[in-house]
Every structure is written in structure tokens, then in C-alpha cells.
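Heads up: the structure comes next, in C-alpha cells.
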């Protein structure tokens, strides 16, 4: 640039707002943001003509102007320019390193003038740092303070939890121009990451993320069994596993029926388990950081021993109908879970005279009846085995319904036979009376080889039961008639004989009818 042209152009400065005089005055202070452009325009410059001018930054030459031209020094060649009229310096695309002192020196024919100003180039806040009061916290117990600091001009702050802005609430306070974040009674979801964003009119900058370790639990402590129970066969293997929501992972202590076991750890292995190990198992979880304990709901483990040696016992005395009571009891070795009863291969159920014990292992019959005689069977079982025992019960009764079978009349010199029968257990013993006089016959059959007229009369059969102690009797009236008076029948027939004759007659009639039918059918042919 021709410096003489510059000098000539100064004649036009009166139109630009720049004042002339015998002094050089620059603006006091200029603030700019990173990336902007700045124009440093003198407020007053010396009267021309100017021999030499120069702009400096912190004593480093930016440009020099003299009659032969204007020369910019690296690195300002590409981003600097000079207004030849106002001597204003323009710098483009500012960075924070452009902050500092700028001076303009003007040499006239007689005097040197210098003006000084400062430029502050502000970038986004920097050195944004979070300082927590602590980073390891206990749920519901801990309170934490986070303080954000940053370098820069006129800075404000916001807080982020992940990508969401943190706002004040019941457990959250923001103080000190939002630079302090306080969280009270932390919960497990307060882990973060937290970021502090410092901002000004010149930009925004975020801190490094901060995460908390929050200790919680144990809670929701539960025990599971493999295989699933609650019943297990003796000698089997079982694994109990305890789980809990906890940070850090909980430690575990096992107990059965409230008594602590020596076993620690998440798994409790029970191998070759026996009935003595049955009970309610619990797991206590412990968090070494929160110092809290929590106990699981109990899980029931029932070990069933194999059932063997079943025996069914009953009364050792004779049972008498409507007098005695009978109690049958079924026992066996092993773990008995169910007892089922049958009589004569039919299910035995409770009724008026039959009652079962609470565990169903005993049955009481009171009073016993003759229909209660028979074979009783009990089956004892659990989920894995069963065993059966039997007992035969005899109910003694009678004698009842004494009946004498025989003719009501016989001819003299014929054989006379009378038979006595009755309902009785055990079998009854018999005695006979003739015309109310005891005879020597003590069997169920009364026999006279040759009847005489003296044998006509009343025959009484007396039945006795030696167990029940009961007696019963029945009577039969017999008449002995003259020889031949009964038409050769030898005596009146018994009911059985009459029934037999009737049956024979019917068969005969049927036979004759069949012959007639066949004869007619053949004639039709």
C-alpha cells in the first residue's frame, strides 16, 4: 500500500468520526468471543502527515506501515487488515491466545505518538470440575454434596443426570448459583452419571462424568430348592439357593428351625438327606457396607423315610356282638404320611359305629356287629413308598333263630330224624328235650331208629354259645301213627321234601308238554 496515498486520504477523516489532534487515543478495553472478529479503531490520532505506523501485540509486531507500503507479520498475514483512513486494525477468527495488550505507534515529522488498549477474548468456560463430598454412599442414609467449579467469564451452571437436567425437589437442593448440588437420603437410582455444565454468553463446557457407588440391601431375600419340594425321599440330594438384591453382593448364613448352621455361602448342599434334617430352612443375607441384615421366608423341607414292617393289631379278647368294642391300629417304620383302610377289599368309611383317629391310623368300631367280621387291610404310605398289613376280625354272636327240620308225623317202627340249626359264631352246642324232659342227645341231630307211639310229643332243641353265653331254643311237635295209616309215605314230608316233589312235578309237566309239541310239529310236516 502507498503510504503517501494513506496520508492523502487522511484529509477525509473528518467524515469518518475520527478526531485529529496532537495525541493518539485508543479504546480502553475490548471484549470479544472466540471465533469473532475485532476492529480496534483509534478514538483520536495525530495530525497527518504520518511517516511510520505500527501495531503490536504484547510487544510483538503485527504490522508496519511507511511510505513504501504496509507489511503484516506472520501469523497475521491471512487474518489481519488495516483501514488506511482510520488506522483501525481488524483481526479475524479470534482465539483465546489473542487476549492481551495492543498498541498503535504513529511517527509524524516531529513526534512519536503511542496508544494502548487491551483485548479480552473469551472462550467457553474451561477447567469445569466436579468435587464430591464422597463417592461411596449408603441408600437412605447418606447425603452427598457436589461442587462445580470452572474458569471463564460470567459463568452459570446446570446439572445433568445422564441426559436429563437435575431440578430442585424433595431430596435435591441447588445452591450457590447452582454450582452446588446436594442430594439427601440417596437411593440406588441416584448413581448417575452426573455432569456439570458451565455456560456463559461465550459458550458451554461440560465436566467429566461422575458416578456414585450406592450400597443398598439386602432385600427380597428368597430361598429356592432344587429339586422343588417340599417332600424328599431319605437318601436323596438337595440344593438350596439363596438370592437377595444387594450392592455389594450379600453374604449368606443358613439356619434350620431358627438354629444357625455352620454352612455359609449362597448354596446349601444337603447330600444323603435324612428325616432328622427335616425342618424350616432360612437364609440370612448380610451387606458388609450397609451393615444391614435381612432374613428370607422359611422354606419347608420334609424328608420321608421308606415305610416298612407294617403291622395291623386288634383286640386280644373275644368280641361279642352289641357288647364289645374293637380298636384296630396300624403301625410301621418310616415316615407315615397317609393311612387308608379297606374291609373285604372294599373301602372302609366312617359311619355311626365306625370312627377314625385324627391321623387315620386307628379305627374304632363300637359296638361291633356280626357284619363287622372280615379281613381288614391298612395301607400306610408317603410320597415315595407304601406298606400294607391285614387283620381278620371275628365277631361272636347268637345263637339266634333256632329251627328244627324234620317231619311232623311218622308211622310206627319207621326211623325218626330231627335236625336243629341256628345262627351262631362260634358254632352252637346243642341239647334236646322231649316233652320238657332233658335227653342225653347233645348233637344237632336227634334220631330214633324205630319210632313208637311213646315218641309222639314235643321236641325242644336248646342251642348254646360258649363265647356269648347266650342260649336259644326251638320246638317241634311230632305224632307217631299206626303203620300204614299214612299211605306208605312213612310220615308227613318235610317242607324241603314237599318243595322237591313240587319241582319234580313241574319238570314232568314240562317234559310232557315238550313231547306233545314235538308230536304236533311232526304231523304238520
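The values are calculated or read from the model by the stated rules, or taken from the named source; none is laboratory data. Since the structure is predicted, the reported quantities are computational estimates derived from the model, not experimental observations. Cβ coordinates were reconstructed from backbone atoms using ideal geometry, including for glycine residues, and neighbour counts include every protein chain displayed.
Here are the numbers:
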{"read-out": "Test set (1) in a loop (DSSP other than H, G, I, E, B); (2) over 30 Å from residue 373 (Cβ atoms) - residue 443 fails condition number", "value": "(2)"}
{"read-out": "In the stretch 48-66, residue nearest to the chain's Cα centre (by Cα) [restricted to those that are in contact (Cβ under 8 Å) with a residue 60 or more places away in the chain and surrounded by 15 or more Cβ atoms within 10 Å (Cβ to Cβ)]", "value": "65"}
{"read-out": "Residue 407, sole failed condition from (1) out of contact with any helix residue (DSSP H, G or I) (no Cβ under 9 Å at 6 or more places or on another chain); (2) in a loop (DSSP other than H, G, I, E, B)", "value": "(1)"}
{"read-out": "Members of the stretch 124-135 found to be under 44 Å from the mean Cα position of the chain (by Cα) and surrounded by fewer than 12 Cβ atoms within 10 Å (Cβ to Cβ), listed by number", "value": "134"}
{"read-out": "Number of the exception - residue 116 against (1) in contact (Cβ under 8 Å) with a residue 40 or more places away in the chain; (2) not assigned by the TED database to the domain that holds residue 89", "value": "(2)"}
{"read-out": "Yes/no for residue 77 being surrounded by fewer than 16 Cβ atoms within 10 Å (Cβ to Cβ), over 60 Å from the mean Cα position of the chain (by Cα) and outside the structural domain of residue 289 (by the TED database)", "value": "yes"}
{"read-out": "Residue 417 vs. criteria surrounded by 14 or more Cβ atoms within 10 Å (Cβ to Cβ) and closer than 30 Å to residue 310 by Cβ", "value": "no"}
{"read-out": "Within the stretch 251-366, strands (runs of 3 or more DSSP E) holding 3 or more residues that are more than 37 Å from the chain's Cα centre (by Cα) and surrounded by fewer than 17 Cβ atoms within 10 Å (Cβ to Cβ)", "value": "308-313"}
{"read-out": "The stretch 225-239, subset without any contact (Cβ under 8 Å) to a residue 60 or more places away in the chain and assigned to a strand (DSSP E or B), residue surrounded by the fewest Cβ atoms within 10 Å (Cβ to Cβ)", "value": "226"}
{"read-out": "Residue identified as modelled with pLDDT of 95 or more and under 30 Å from residue 31 (Cα atoms) among 133, 149", "value": "149"}
{"read-out": "Which listed residue, of 139, 197, 165, 224, is in contact with a strand residue (DSSP E or B) (Cβ under 7 Å, 6 or more places away or on another chain) and assigned by the TED database to the domain that holds residue 239", "value": "224"}
{"read-out": "Among (1) over 30 Å from residue 368 (Cα atoms); (2) out of contact with any helix residue (DSSP H, G or I) (no Cβ under 6 Å at 6 or more places or on another chain); (3) modelled with pLDDT of 50 or more, the one test that residue 428 misses", "value": "(1)"}
{"read-out": "Positions within the stretch 420-440 being in a strand (DSSP E or B) and out of contact with any strand residue (DSSP E or B) (no Cβ under 8 Å at 6 or more places or on another chain), in sequence order", "value": "437"}
{"read-out": "Residue 325 in contact (Cβ under 8 Å) with a residue 24 or more places away in the chain and out of contact with any helix residue (DSSP H, G or I) (no Cβ under 7 Å at 6 or more places or on another chain)", "value": "yes"}
{"read-out": "Answer residue from the stretch 446-456, given it is touching a residue at least 40 places away in the same chain (Cβ under 8 Å) and assigned to a loop (DSSP other than H, G, I, E, B) and is surrounded by the fewest Cβ atoms within 10 Å (Cβ to Cβ) among those", "value": "452"}
{"read-out": "Condition broken by residue 406, with the remaining ones in (1) outside the structural domain of residue 446 (by the TED database); (2) closer than 24 Å to residue 423 by Cα satisfied", "value": "(1)"}
